[in-house]
Amino acid sequence: MSELQQFGGDWTIEKLDILTGYLDAYLTALKNFHFKKIYIDAFAGTGSITTRDGQREIAGSARLALLADNHFDQYYFIEKDKKKAAQLQQMVNVEFPKLSKCVHIKQGDANTELTSICSAIDWRFNRALLFLDPYATEVSWTTLETIAKTESFDVWYLFPFSALNRMLRRDGHMEQSWIDCINRLLGDSNWMDEFYKEDPQIDLFSDNKIIKDASSKDIEQYILRRLWFDYTNPFFPGDNLIHDFQKFFPLGFLLTVAVLDVCKCFLLHCPAPPLF
Ligand SMILES: C[S@@+](CC[C@H](N)C(=O)[O-])C[C@H]1O[C@@H](n2cnc3c(N)ncnc32)[C@H](O)[C@@H]1O
């Protein structure tokens, strides 16, 4: 039983169910296209997740991708932790020996490995589905830019909304390392002007000069605008589209999906050329 990965609750099952359904829909929709299909799980884990009571093991995203009815031509699994990467390799060797030749396990940082995958592959003949499921703020904006330049990726990004919101302190007192982290996550420092204003209560005795002036909704909208306008294209979806998710499913492979926080799911249009 995997002691290395602990269960995150119902949301874990829900997100993995959605992912699995999407993988099959994606491969079915693309089956008559000549390009090779690549699946990349950039925060792959071990392939197994142990439930909180320690009694049950459920399949993680990497194992689910390999179990799907339809197969990709190549699989890339990136995992930073050496032990987890070894456990994942073992799982592939033992449970999927027939697929092992097309499975590449990269032990390292997701940003570095994704950048090298982007430059190593000829994107005229390949198309990738990327699953980004970080614990927190690990994905750099520059990595998204590198991916977008290929115009060949469909991306599922579980955006670390709670982690970001926690760092955005009300009194604006943030360590430089947090500011650097948010800049790296969002690509620049414009969020500072967007989320903070001069504190109207400012007095001679207070060193508090700014105050947070953005609700969770404002922050979500800013992130979506940023992903939409800067990373994908200028059609902002506006509302939270979680309830419309199923409706969009058949077109899923044309969409980039950003999931913000538990139960908040947004669909964004993918930069790839039309396929129909
Ligand atoms: C939320 S878990 C992913 C779980 C996985 N999707 C599953 O279903 O089993 C995040 C994983 O990313 C790994 N990780 C953390 N930082 C990383 C980084 N910078 N690059 C690659 N992997 C990283 C962690 O060790 C952990 O296994």
Q: Mind checking which strands (runs of 3 or more DSSP E) fall wholly inside the stretch 33-145 and carry at least 1 residues that are near the ligand (Cβ under 10 Å from one of its atoms), of a type in the set (D, E, K, R) and within 15 Å of the chain's Cα centre (by Cα)?
A: 36-41, 74-79
Q. Among I242, I219, I210, which is at pLDDT 50 or above, aliphatic (A, V, I, L, M) and within 24 Å of the chain's Cα centre (by Cα)?
A. I219
(Q) Pairs please, first residue from the stretch 94-107 and farther than 13 Å from Q74 by Cβ, second anywhere and surrounded by 13 or more Cβ atoms within 10 Å (Cβ to Cβ), Cβ atoms under 6 Å, 6+ apart in sequence or on different chains. (A) F96/L66; Q107/A85
Q | the stretch 50-70, residues that are small (G, A, S) and touching a Leu at 6+ places or on another chain (Cβ under 9 Å) | A | A59, G60, S61, A62, A65, A68
Q) Which residues, taken from the stretch 96-125, are surrounded by 17 or more Cβ atoms within 10 Å (Cβ to Cβ) and closer than 15 Å to D81 by Cβ? A) I105, K106, Q107, A110, E113
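The values are calculated or read from the model by the stated rules, or taken from the named source; none is laboratory data. As the structure is a computational prediction, the values presented were derived from the model and not from experiment. For neighbour counting, all protein chains shown are included, and Cβ atoms are generated from backbone atoms with ideal geometry for every residue, glycine included.
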